[in-house]
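The values are calculated or read from the model by the stated rules, or taken from the named source; none is laboratory data. Treat the numbers as computed from the prediction; the structure is a model and nothing was measured. Using ideal geometry, Cβ is built from the backbone for each residue, glycine included, and neighbour counts are taken over all protein chains shown. Heads up: the accessible areas ignore ligands, DNA and RNA and are worked out on the full protein's heavy atoms, side chains in. Shrake-Rupley method; radii C 1.70, N 1.55, O 1.52, S 1.80 Å.
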Amino acid sequence: EAKLGARGTAVRYSPKMQDALLEKRAIEEELREALVKDELALFYQPIVDSRRGAIVAMEALVRWRHPERGIISPGVFIPVAEQTGLIVEIGAWVLRRACEDAVAWPRHVRVAVNLAPKQFHQADLIDTIATALDDSGLDPDRLELEITESTLISNTDDIQAKLAKIDALGARLSLDDFETGYSSLSYLNRFPVKKVKIDQAFSRQAIESPKTQAIISAISALAKDLNLDLVAEGVETQAQLGFMASKNIFLIQGYLYSKPRPIEELAPLLECWSDAPRLESAA
Ligand code: C2E
Ligand code: MG
Ligand code: MG
Ligand code: MG
């Protein structure tokens with residue numbers, strides 16, 4: 001099979017590429033329907049202050065409850081949604097639902113929502129956020145919006161203006177999956193970012209790799225100087241938790257505390273991890 005490529009040259013699709021293409025088309029079609037049929041659901045994963053054992057926020061992580069294939073993870077369908085532009089509709093739905101859900105939680109628990117780079121290309125992104133806040137009645141200060149370095153590096157006037165508007169709304173910007181790949185932390189003071197989430201890969205290597213340990217130390221020191229909150233993602237073991245604490249990193253998101261859970265399973269978490277001082281420290 002040959003098809004015309006971008007410059008009019010024939011592009012050969014290998015059977016494998018064709019499969020991938022068909023798979024993508026199939027996901028796209030089904031995903032469009034899934035939105036209509038209300039098959040998307042939000043799971044939430046706590047972000048815990050390890051000093052107090054208190055939940056400070058919950059990250060909304062979208063899932064697709066597929067009628068035949070069961071729960072599909074965002075790693076499978078978010079990339080397709082980004083390529084097809086469907087992420088704009090999905091993103092708006094996630095924002096609205098997350099704000100509605102969070103209103104019922106204790107006041108000190110924020111909700112974190114991921115924003116895809118494509119959503120920043122939408123003229124109405126700020127309206128979408130403001131409407132989700134207004135309609136739900138959620139205090140803007142309780143909404144964290146997670147952006148990635150790929151949004152920041154495009155660094156156009158338009159992106160800068162949108163970030164400033166989000167900040168002016170009172171919502172809080174976090175930089176997700178921070179890896180020191182494209183930007184340095186010091187570059188961050190150009191943007192109204194309040195929090196940085198260091199990538200899971202760092203947590204995974206924190207115990208074995210002295211190089212990773214040095215990078216985490218440097219990030220921690222810089223975050224302190226720049227007055228940024230720092231979250232370690234993907235913490236699965238006590239050893240990793242202890243290492244992060246030794247570097248003054250106390251905001252922790254990871255399986256050690258909890259996997260992402262459906263909303264029905266949050267109530268017990270929110271109850272037992274209240275913000276009240278713990279008995280032993282209150283005595
Ligand atoms: P993310 O925003 O970096 O979210 C954290 C991911 O790390 C989640 O995967 C979470 O389940 C996983 N994780 C947290 N702690 C651990 C741990 O201790 N061990 C391991 N192995 N994994 C851990 P999930 O839910 O599969 O989401 C993957 C990615 O999909 C997210 O990464 C985010 O980039 C994207 N995503 C999810 N929901 C949305 C959404 O509503 N909108 C957009 N644009 N992207 C989303
Ligand atoms: Mg995130
Ligand atoms: Mg992340
Ligand atoms: Mg990630």
ask   = segment 92-112 to segment 151-219: how many Å between their Cα centroids?
value = 22 Å
query = Could you give the semi-axes, largest first, of the ellipsoid that matches segment 202-251, computed as the square roots of 5 times the alpha carbon gyration tensor eigenvalues and rounded to whole Å?
reply = 17, 12, 8
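Going down the table (194/259; 37/195; 118/194; 118/211; 165/247), which pairs top 30 Å between alpha carbons? Each step should come with its number before you reach the end.
On the way: 194/259 24 Å; 37/195 35 Å; 118/194 22 Å; 118/211 34 Å; 165/247 33 Å.
Where the Cα-Cα span goes over 30 Å, the pairs concerned are 37/195; 118/211; 165/247.
If you filter segment 78-185 for trypsin sites (Lys or Arg not before Pro), then keep DSSP loop positions with at most 13 other Cβ within 10 Å, what is left?
Values: sites: 96, 97, 107, 110, 118, 142, 162, 165, 172; in loops: 107.
Filter output for segment 78-185: 107.
State in Å² the accessible area per residue of segment 142-274; use a 1.4 Å probe, count heavy atoms of protein chains only, and round to the nearest integer. Numbers along the way, then the final one.
Values: 6190 Å² over 133 residues.
The answer is 47 Å² per residue.
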key: Most mobile of 74, 210, 106 in a GNM of the chain (Cα contacts under 10 Å)   = 210
ask   = Name the GluC sites (Glu not before Pro) in segment 29-110 that are in a loop by DSSP and that have at most 10 other C-beta atoms within 10 Å, would you?
value = 68
message = Apply the Karplus curve 6.51 cos²θ - 1.76 cosθ + 1.60, θ = phi - 60°, to the phi angles in segment 246-259 and return the couplings in whole Hz, x for Gly and Pro.
response = 5, 9, 6, 10, 10, 8, 10, 10, x, 4, 3, 8, 5, 6
ask   = Rounded to the nearest 500 deg cm²/dmol, what is the calculated helix-only ellipticity per residue at 222 nm for the chain, with -39500 (n - 2.57) per DSSP H run of length n ≥ 4?
value = -13000 deg cm²/dmol
task = Let me know the longest stretch in the chain that avoids all chymotrypsin sites (Phe, Trp or Tyr not before Pro) found in a DSSP loop with at most 16 other C-beta atoms within 10 Å.
result = 14-181
remark   = Filtered hits (lysines, Cα-Cα < 22 Å from residue 16, offset >= 8 within chain) -> 3, 24
Antiparallel DSSP beta bridges within the chain, percent to nearest 5 = 50 percent
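What's the Kirkwood radius of segment 6-143 in Å, using all Cα pairs? Present the calculation step by step, with values, prior to reporting the outcome.
Working: mean 1/r = 0.0593 Å⁻¹.
It works out to 16.9 Å.
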key: For the chain, convex hull of alpha carbons as volume per residue, Å³   = 171 Å³
note = Whole-percent carbon and sulfur contribution to the accessible surface of segment 30-71 (1.4 Å, no ligands, DNA or RNA) stands at 49 percent
message = At 1.4 Å probe size, with the rest of the protein present, what percent of the exposed accessible area of segment 101-149 is carbon and sulfur atoms?
response = 48 percent
note = Expressed as a whole-number percentage, the relative contact order of the chain with C-alpha contacts under 8 angstrom and at least six residues apart is 18 percent
Residue-normalised accessible area of segment 18-83, expressed per residue, 1.4 Å probe, Å² = 49 Å²
task = Please turn the phi angles of segment 261-266 into ³J(HN,Hα) values with the Karplus equation 6.51 cos²θ - 1.76 cosθ + 1.60 (θ = phi - 60°), one per residue in order, whole Hz, x for glycine and proline.
result = 10, x, 4, 5, 9, 7
note = Measure of exposure for residue 94: accessible area at 1.4 Å probe, Å² rounded to 10, is 10 Å²
